[in-house]
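The values are calculated or read from the model by the stated rules, or taken from the named source; none is laboratory data. Bear in mind the structure is a predicted one, so any value in this text is a computation, not a measurement. All Cβ positions, glycine included, derive from the backbone under ideal geometry; neighbour counts span all protein chains shown. What goes into the accessible areas is simple: the full protein's heavy atoms, side chains included, and nothing from ligands, DNA or RNA. Shrake-Rupley method; radii C 1.70, N 1.55, O 1.52, S 1.80 Å.
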Amino acid sequence: MAEALRVGIAGLGTVGASVARVLRDKTAELTRQCGRDIVVTAISARDPKRDRGIDLSAAKWFDDPVKLAEKADIDVFVELIGGDEGPARLSVKAALEAGRHVVTANKALLAKHGVALAEIAEKKGVLLNYEAAVAGGIPVIKTMREAMAGNAVTRVFGILNGTCNYILTRMEAEGISFDACLKDAQRLGYAEADPTFDIEGHDTAHKLSILTSLAFGTRIAANDIYMEGISNITQADIRAAGDLGYRIKLLGVAQRTESGIEQRVHPTMVPTASVIAQVHGVINAVAIETDILGELLLSGPGAGGNATASAVIGDIADIAKSRPGFQHAPVFGWPAKELKPYKKAQMRSHAGGYFIRLTVHDRTGVFAAIAKRMADNDISLESIVQQAAGAETQAQKTVILVTHETTEAAVRRAVEGITKDGHLTDKPQVIRIERAE
Ligand SMILES: NC(=O)c1ccc[n+]([C@@H]2O[C@H](COP(=O)([O-])OP(=O)(O)OC[C@H]3O[C@@H](n4cnc5c(N)ncnc54)[C@H](OP(=O)(O)O)[C@@H]3O)[C@@H](O)[C@H]2O)c1
């Protein structure tokens, strides 16, 4: 049997401790599958005294993860610390430069430094595996990197943040407000004490930026993503979406267009009958649309210790099975040096259907004025419906418009015009509609 694969784990929190536990519990299966043992020989975390719920006394402790990466007797460095700078970045860089394979679950690090790190990995002829960084346990990286040769991706989109999907699912199922759902999600541990990173779309954007690079062979551009979160989604939007045959999801979408690549994260209406609309709660999903395959949808657990550990261990096992001298697949599907600069499509040129909800004064001429602003901007309407805005607001009406395909620029102009006309009593709500099978 080949020599054991020696693994160093830096970070023994939710994911790191699960990885160590599963490696211990599945020793026999992994040895049989990989043809060699996988042994944790070195570990690092902040607090050496903390009980991790697993006996790691056989592994050498390092206070400094960078030292572990550089000096420990390991073949693979597993980074499960988190953060886009500091010890995570320094230790991954040090491990790659020392010619060690790296496995990480760190989307923030890859979104910011992924291409630079891939260049080092490819120069050194080692693997940089990161399956757990996007959609947790769902094997989307491998699918895109290895199973789709010859396919030209036209669009990749997904539910990439379990916290947001959990909140939107409960808002719809129970008719409760965003704030009440968020509080409950925090109580149950599905949302952080500071939830901004999740609910305003940053986490989805990090993951999307990695998928964009894999889909289109471009350099990662995480700072160039159009982003809107879910905090202004109301029960009125959810109910109106349902009446119209849609469900609201926070999607990350990357799409090739004539003017470049669109990368956008925003609340989106998807047809209730589509497969992605059936993805509920903390579950994640990624849809990949290609010229040959059509639309493929992968769905499953996007976070949590065990689900994330499953992806990390899959990455470690791939390294255990790889043979010295064998050419590895490039980190982002294309050699890092050949990744093209990202050509951004302006959001104003985004084409699609739109849902617009307006709360207006209940007086004559308003409906006609709205219809005129739409016509002036060449926006053709699929439907326009006027409803009472609620018993407590008899002087107001709600107008709900659904457009045929138009552009973001036209919708923004029309809504600005309607706002200037002075008919609105509340901020207008605009939600993009996404085509989905
Ligand atoms: N949690 C998930 O469901 C999930 C899903 C997908 C991806 N990820 C990614 O996985 C990574 C780890 O997440 P997590 O949830 O496991 O985080 P976590 O529970 O906060 O664990 C972080 C670990 O890093 C250690 N650490 C922090 N600073 C350190 C330093 N300077 N030197 C050495 N160790 C240090 C901590 O040590 P102490 O324990 O001693 O404090 C802790 O063990 C992140 O990149 C995250 O984005 C997480």
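Under the convention that each Lys and Arg Cβ holds +1 and each Asp and Glu Cβ holds -1, the size of the dipole of the chain around its Cα centre is about 600 debye.
For the stretch 227-242, what does the Karplus curve 6.51 cos²θ - 1.76 cosθ + 1.60, with θ = phi - 60°, yield as ³J(HN,Hα) per residue in whole Hz, taken in order and with x for Gly and Pro? For the stretch 227-242, the Karplus-derived couplings read 9, 9, x, 9, 5, 9, 7, 10, 4, 4, 5, 5, 5, 5, 4, x Hz, x marking Gly and Pro.
In this structure, the amide hydrogen of Leu128, modeled 1.01 Å from its nitrogen in the peptide plane, lies closer than 5 angstrom to those of Val102, counting only residues at least 5 positions away or on a different chain. Between Gly422, Gly13, Gly86, where does the largest GNM mean-square fluctuation fall for the chain, given springs only between Cα atoms within less than 10 Å? Among Gly422, Gly13, Gly86, the largest GNM mean-square fluctuation belongs to Gly422. When DSSP beta bridges are restricted to pairs lying wholly in the stretch 223-314, around 90% turn out antiparallel.
Summing charges over all other residues whose Cβ lies under 10 Å from the Cβ of Ala388, with Lys and Arg as +1 and Asp and Glu as -1, gives 0. Across the stretch 322-332, coupling constants 3J(HN,Hα) worked out from phi with the 6.51/-1.76/1.60 Karplus curve, θ = phi - 60°, read 6, 10, x, x, 7, 5, 8, 5, x, 4, 10 Hz, and Gly and Pro carry x.
Rounded to the nearest percent, how much of the accessible area of the chain (1.4 Å probe, protein heavy atoms only) is carbon and sulfur? Show your work: numbers first, answer last.
Working: 9680 of 19100 Å².
That share works out to 51 percent.
Going by the alpha-carbon gyration tensor, a ≥ b ≥ c the square roots of its eigenvalues, is the stretch 277-332 rounded (a/c under 1.5) or, if a/c is not under 1.5, prolate (a/b greater than b/c) versus oblate? The shape class here is oblate. When Lys67, Lys372, Lys107 are compared by accessible surface with a 1.4 Å probe, the order from highest to lowest is Lys372, Lys67, Lys107.
Under the rule a/c < 1.5 gives rounded, and otherwise a/b versus b/c splits prolate from oblate, where does the stretch 1-105 land using the Cα gyration tensor?
On the way: a/c = 1.80, a/b = 1.26, b/c = 1.43.
It is oblate, given that a/c is not under 1.5 and a/b is not larger than b/c.
Dipole size in debye (nearest 20) for the stretch 204-338 around its Cα centre, Lys and Arg Cβ +1, Asp and Glu Cβ -1? It would help to have the intermediate numbers written out before the result.
Details: 10 positive and 12 negative charges, 70 e Å.
It works out to roughly 340 debye.
Between amide H atoms placed 1.01 Å from N, distances below 5 Å from Thr406 occur with Gly352, Gly353, all of them 5 or more places distant or on a separate chain.
Annotation: amide H of Lys343 within the under-5 Å range of Ile261, sequence separation 5 or more or interchain, hydrogens built in the peptide plane. When the Cα gyration tensor is reduced to axis lengths a ≥ b ≥ c, the ratio a/c is 1.5 or higher for the stretch 237-306, and with a/b not above b/c it is classed as oblate.
The stretch 228-280 to the stretch 87-129: how many Å between their Cα centroids? Here the answer is 33 Å between Cα centres. For the stretch 194-325, the solvent-accessible area of protein heavy atoms averages 35 Å² per residue (probe radius 1.4 Å; ligands and nucleic acids excluded). Using bins of 10 Å that start at zero, the share of Cα-Cα pairs per bin across the chain amounts to 4, 20, 28, 22, 13, 7, 4, 1, 0, in whole %. Sequentially through the stretch 75-90, phi angles give Karplus couplings (6.51, -1.76, 1.60; θ = phi - 60°) of 9, 10, 9, 10, 9, 9, 8, x, x, 8, 9, x, x, 4, 5, 5 Hz, Gly and Pro residues having no value and appearing as x.
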